[in-house]
Amino acid sequence: MPALPLRSLMELNSAVAREDFPMSQATTWGTGGPAFLVDVLTMPALLEVLSVAEGSGARCVVLGNCSDVLICDDGVEGLCIRLTGDFTDIAIEGNSLRVGAGASLPSIATFAAKNGLAGLEFLSGIPGTSGGAVATNAGAFGSTTAGALASLEAVDLSGETKTVGAFKDAYRDSLVEPGLIVTSIRFDLISSSKKTVKEEMARQRALRAGSQPVGARTAGSVFKNPPGQSAGRLIDECGLKGAGVGGARVSDIHANFILNIGGATSADILELMRLVRDRVSRVYGIRLEPEVRLLGFEREAL
Ligand code: EPU
C-alpha cells in the first residue's frame, strides 16, 4: 500500500487535523509558529495517526497543554499530536486513579480530593496534562509525579502497546524512554478525608500564589535548579528581575519565570534565556540548563 500523506489525517473520524496551525494559540507563552497539529480522541485513531506518520516519514512530537515548551517562530516540522477525547478520562479504581494521558493535572487533583484520596495535591497548580507530567517528572512542594505513579500504558511509534511499572525518580527528567507515547496512567493514592485533601491543596495553591506569577503568560520555571541551588535565587541575585527582550520579561515575582507581557516572540524569549544564562554563568560559574523543552530550533539554539 502506498504511504498516505499527512493530509489524509484530515479524513480521520476521531481526530481533528490542521495544517499550519499557529502554535501561538496552543502554548501558554502565546508564542510559536505553524505546525501540522492533530488532536486525537481515541486509541484506534492514535494508532492510525502513528501509522500514517510512519508511512510518510514524519517525526511525531506529542504535546500536552504546551505549558512547558518554547516553539520556534518558524514552526515545527513533522506532526504534533495532542491527546484529547477518551484520553481525558479519569476513573477511580479502589485507592487508585486511572487517568488518560491528556487529562489535565488540576482536574485530576480535584477528582482525587472529591474522592478523599491524598497524594496528588501538588498537581493542582500545575497547568499541564498527566502525559506531560510523566514526560517531565513534574513536581512541586516536595512531591513528584514519579512518587505517585504506579504504572502506565504506552504505545511505541510502530503502534505496539506496552505497560511500564518501574520508574527512576530523576529530577525533571522523563519517566519513560524516548519513542514511547504514554496513553494512560495509574496513580496509587492514600485514603484520607475530603476536607484534609482540599485543605492541603488550598495550602499549596496559596504558597504558589505568593511566590509565582500565577495567571500570567509563562511556561513555569524556565531553568532547572542546579544541584543544591535555586535557579530563581541565582537569577534574582544577578539583578535580572524585570530584564527584558522585546515583549519578554523576567518576572519581578519569581526570577525563574519569563513573562510574555504582550507581543513577545519565541525569539525574544530565547534571547532573554541566553542573557540570563550568560549572566549567571559569568557571575557564579554555574551553567543553567533549560527546564522548558525547545521545539523546532537548531540543536544548540540556546
Ligand atoms: N528565590 C529568590 N528569588 C526569586 C525566586 C526564588 O530568592 O526570584 C528563592 C526563594 O526565596 C527560595 C528559593 O529561591 O528560597 C527557591 O524558590 P521557590 O521556593 O520558589 O522554588 P523553586 O526552586 O524556584 C521549584 C520548582 C517549581 C515548583 C516550586 C514549588 C524547579 C525549577 N522549580 O521552584 O516548579 O512549583 O519549586 O515546589 O524545580 C516548574 O517546574 O515549572 C515549577 C514552577
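Go through K162, K168 for me and flag whichever is more than 11 Å from the ligand (Cβ to nearest atom), at pLDDT 95 or above and either among the basic types (K, R) or more than 21 Å from A216 (Cβ to Cβ) (or both).
None of the others qualify; the one that does is K162.
For segment 45-58, which residues satisfy the criterion of being out of contact with any helix residue (DSSP H, G or I) (no Cβ under 8 Å at 6 or more places or on another chain) and not in a helix (DSSP H, G or I)?
G57, the sole residue that qualifies.
I need the full set of residues from segment 23-81 which are closer than 20 Å to T183 by Cα and without any contact (Cβ under 8 Å) to a residue 24 or more places away in the chain, in order please.
Result: R59, single match.
Step by step: first the residues of segment 176-227, then only those that are free of Cβ contacts under 8 Å to residues at least 12 places away in the same chain and within 30 Å of E54 (Cβ to Cβ), then the one that is surrounded by the most Cβ atoms within 10 Å (Cβ to Cβ). Which residue is that?
Looking at the filtered set, the residue picked out is E177.
Just checking: which of the strands (runs of 3 or more DSSP E) contained wholly in segment 228-302 hold 2 or more residues that are of a type outside the set (K, R) and either more than 9 Å from the ligand (Cβ to nearest atom) or loosely packed, with under 15 Cβ neighbours inside 10 Å (or both)?
258-260, 293-295
If S51 satisfies every condition in (1) out of contact with any strand residue (DSSP E or B) (no Cβ under 9 Å at 6 or more places or on another chain); (2) more than 21 Å from M10 (Cα to Cα) but one, which is the exception?
(2)
For residues in segment 13-44 being assigned to a helix (DSSP H, G or I) and over 16 Å from the mean Cα position of the chain (by Cα), which is farthest from T136 (Cα to Cα)?
Per the stated criteria, the residue is P44.
A quick yes/no check of all residues on (1) outside any helix (DSSP H, G or I); (2) closer than 26 Å to L37 by Cα; (3) touching a Pro at 6+ places or on another chain (Cβ under 9 Å); (4) of a type in the set (S, T, N, Q):
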{"site": "D86", "(1), (2), (3), (4)": "no, yes, no, no"}
{"site": "L97", "(1), (2), (3), (4)": "yes, no, no, no"}
{"site": "F111", "(1), (2), (3), (4)": "no, no, no, no"}
{"site": "A146", "(1), (2), (3), (4)": "no, no, no, no"}
{"site": "A150", "(1), (2), (3), (4)": "yes, no, no, no"}
{"site": "T163", "(1), (2), (3), (4)": "yes, no, no, yes"}
{"site": "F167", "(1), (2), (3), (4)": "yes, no, no, no"}
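May I ask you to verify whether A154 is surrounded by 18 or more Cβ atoms within 10 Å (Cβ to Cβ) and in a helix (DSSP H, G or I)?
Answer is no for this residue.
The values are calculated or read from the model by the stated rules, or taken from the named source; none is laboratory data. Remember, predicted model here, so these are calculated numbers, not experimental data. Here Cβ is always computed from backbone atoms with ideal geometry, including for glycine, and neighbour counts include all displayed protein chains.
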